[in-house]
1. Kindly list the number of the only condition in (1) out of contact with any strand residue (DSSP E or B) (no Cβ under 9 Å at 6 or more places or on another chain); (2) touching a residue at least 40 places away in the same chain (Cβ under 8 Å) that fails for CYS115.
2. Is there a residue being under 18 Å from the mean Cα position of the chain (by Cα), touching a residue at least 24 places away in the same chain (Cβ under 8 Å), closer than 21 Å to MET290 by Cα and in a loop (DSSP other than H, G, I, E, B) anywhere in the stretch 94-109?
3. Given VAL61, VAL73, VAL47, which one is touching a His at 6+ places or on another chain (Cβ under 9 Å) and assigned by TED's automatic domain parsing to the domain that holds ALA281?
4. Just wondering, is there one or more residues in the stretch 318-331 that are among the polar types (S, T, N, Q) and at pLDDT 95 or above?
5. Return the pair list, or none, for Cβ contacts closer than 6 Å from residues in the stretch 143-162 that are in the same structural domain as MET184 (by TED's automatic domain parsing) and under 16 Å from PRO88 (Cα atoms) to residues that are of a type in the set (S, T, N, Q) and assigned to a loop (DSSP other than H, G, I, E, B), at least 6 apart or on different chains.
6. Could you look through the stretch 165-198, keep only residues that are surrounded by fewer than 23 Cβ atoms within 10 Å (Cβ to Cβ) and of a type in the set (Gly, Ala, Ser), and pick out the one that is farthest from the chain's Cα centre (by Cα)?
7. What is the residue count in the stretch 326-338 for residues that are over 22 Å from the mean Cα position of the chain (by Cα) and surrounded by 14 or more Cβ atoms within 10 Å (Cβ to Cβ)?
8. Are any residues in the stretch 81-90 outside any strand (DSSP E or B) and within 14 Å of the chain's Cα centre (by Cα), and if so, which ones?
Amino acid sequence: MLCTFRAVAVVVTTLALVFAAPAGAQQLKKIRVTIPVPALTFYPLYVGVDRGLFAKQGFDVEIIQTSGDGPDVDALISGSVEFTVSTPNRLFMAYEQGKPLLAVANLGNRMAIECWMNKDVAARLGVSVNTPLEQRIKSLKGLTVAGTRPGAFTYLLLVSYARRYGLEPQKDLQIIGIGGPAAMIPAVENNQVAVACTGGPAPELAVSRGKSVMFTNNLAGLDPAYDNFLFELLYVRPEFAKSDPDVVRRMIRGLLDAIAFIHDGSDADHLVVLKKNFSGAPDDILLAAMKSIRPIFKRDARITEESVNKAAQFMMQTGVVTKVPVWSAVASNEFLPR
């Protein structure tokens with residue numbers, strides 16, 4: 001009888017230890033997330049991984065960058081990853097193609113892509129970041145400018161700018177794709193392209209090297225077309241959201257915890273994450289770039305009808321889609337904390 005009691009006691013004690021173990025000591029669920037490029041636009045993901053915020057939700061998150069948007073969402077559509085954090089172009093393209101995806105969080109509600117210009121070209125043209133936007137864009141006539149890849153959001157931004165002010169892409173100016181920051185920065189410095197566009201900290205780093213100047217200041221929110229804009233969203237397949245709603249909710253909770261840290265964390269704590277993920281830039285440049293982009297990250301991640309409609313109009317203007325869907329057909333707030 002005594003032996004039986006001891007055996008039961010051992011089992012009870014073992015179970016108590018298992019259930020008392022911290023989340024990090026238990027098996028974490030592997031979650032794969034694609035992003036187009038390693039930029040501060042996707043800082044909440046890096047923070048979530050490095051600060052253990054996804055682990056607290058029971059996830060081991062792997063960030064996979066695909067060197068431009070397009071392949072990132074292709075991986076989601078194929079089912080090889082659970083989530084994508086990216087720009088909204090494929091949200092509307094997939095809907096028009098009859099393969100709808102779902103935006104379940106608006107992580108960044110303002111255009112966060114910035115463009116920089118060769119310093120000598122800017123001086124010759126007499127333009128700066130303070131020159132009226134229309135004059136800046138029209139000064140690009142006859143020049144070559146670059147995004148990361150054709151069809152990527154960095155590329156479409158340049159198409160949108162051109163068409164907004166009466167320039168015809170590939171006729172009045174050449175728009176090309178040349179890859180990420182490692183290719184863009186020297187291309188602008190050597191005047192292979194006059195302007196390049198991507199997310200931070202590349203523009204800030206380019207300017208700090210002394211051969212480039214800023215060409216846009218979208219992060220300040222001065223362009224009404226790009227404020228309260230569905231810029232950085234968390235994508236999911238609708239069938240995955242239906243079958244695994246708890247996974248979607250916990251992923252969003254991890255991202256919201258990361259955004260809270262972005263707003264409230266100390267410079268010293270930020271530098272740990274920044275230096276790990278964005279090498280090659282001095283500490284002051286990294287911090288300045290992070291602080292510039294910080295206001296776009298929404299603490300509640302709520303998607304608004306206005307933000308979806310502005311993004312849809314952008315896609316219409318660039319000629320990528322031909323119709324604007326009802327916003328609730330491509331976006332949902334039901335997985336956000338209540």
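1. (1)
2. There is no residue in the stretch 94-109 that is under 18 Å from the mean Cα position of the chain (by Cα), touching a residue at least 24 places away in the same chain (Cβ under 8 Å), closer than 21 Å to MET290 by Cα and in a loop (DSSP other than H, G, I, E, B).
3. VAL47
4. No, there is no match, as no residue in the stretch 318-331 is among the polar types (S, T, N, Q) and at pLDDT 95 or above.
5. PHE153/THR87; THR154/THR148; LEU156/THR318; VAL159/THR318; SER160/THR318
6. GLY166
7. Final tally of qualifying residues: 0.
8. Across the stretch 81-90, the qualifying residues are THR87, PRO88, ASN89, ARG90.
The values are calculated or read from the model by the stated rules, or taken from the named source; none is laboratory data. Quantities reported herein were computed from a predicted structural model and do not represent experimental measurements. Virtual Cβ from ideal backbone geometry, glycine too; neighbours counted across all protein chains shown.
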